[in-house]
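S.K.: So that we are looking at the same thing, I have put the structure below in structure tokens.
The values are calculated or read from the model by the stated rules, or taken from the named source; none is laboratory data. Note that the coordinates shown come from a computational prediction; the quantities given were computed from them, not determined experimentally. A quick note on method: Cβ atoms are made from the backbone with ideal geometry, for glycine too, and the neighbour counts reach across all protein chains shown. To get the accessible areas, we keep the full protein, side chains included, count just its heavy atoms, and leave off ligands, DNA and RNA. Shrake-Rupley method; radii C 1.70, N 1.55, O 1.52, S 1.80 Å.
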Amino acid sequence: MPQIWMTYDELGMLCGCSAGEARVQALHWALDRRRSRDGNTRVKLNFALM
């Protein structure tokens, strides 16, 4: 299964909300989070969000 990792800004654009709200949603949905080499935190989308 492919993995799609997005920043909070990108996730916010996908969900139609701000980056801060996307962060709260990522915590609520218990998405995997990882800090990337560019310094941004990225979340891995689950099957429902793909």
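S.K.: With Rg and Dmax of the Cα atoms in Å defined as stated, name the option among (1) 12.5, 45; (2) 10.0, 28; (3) 13.1, 41 computed from the structure displayed.
M.R.: Matching the structure shown: (2).
S.K.: Express the carbon and sulfur contribution to the solvent-accessible surface of the chain as a percent, rounded to the nearest whole number, probe 1.4 angstrom.
M.R.: On the chain, the fraction of accessible area on carbon and sulfur atoms equals 51 percent.
S.K.: Enumerate the residues in the stretch 15-48 having an amide nitrogen under 17 Å from the point lying 7 Å beyond the Cα of residue 1 toward its Cβ.
M.R.: Correct set: 29-33, 43-48.
S.K.: Let me know the charge dipole size of the chain about its Cα centre in debye, to the nearest 20, where only the beta-carbon of Lys, Arg (+1) and Asp, Glu (-1) is charged.
M.R.: For this selection, approximately 240 debye.
S.K.: What do you get for trypsin sites (Lys or Arg not before Pro) in the chain restricted to DSSP loop and a cutoff of at most 14 other Cβ within 10 Å of the site's Cβ?
M.R.: Answer in residue order: 37.
S.K.: Sticking with this structure for a sec: Helix-only mean residue ellipticity at 222 nm, the chain, DSSP H runs n ≥ 4 weighted -39,500 (n - 2.57), per residue, nearest 500. What is it?
M.R.: Per the formula, -10000 deg cm²/dmol.
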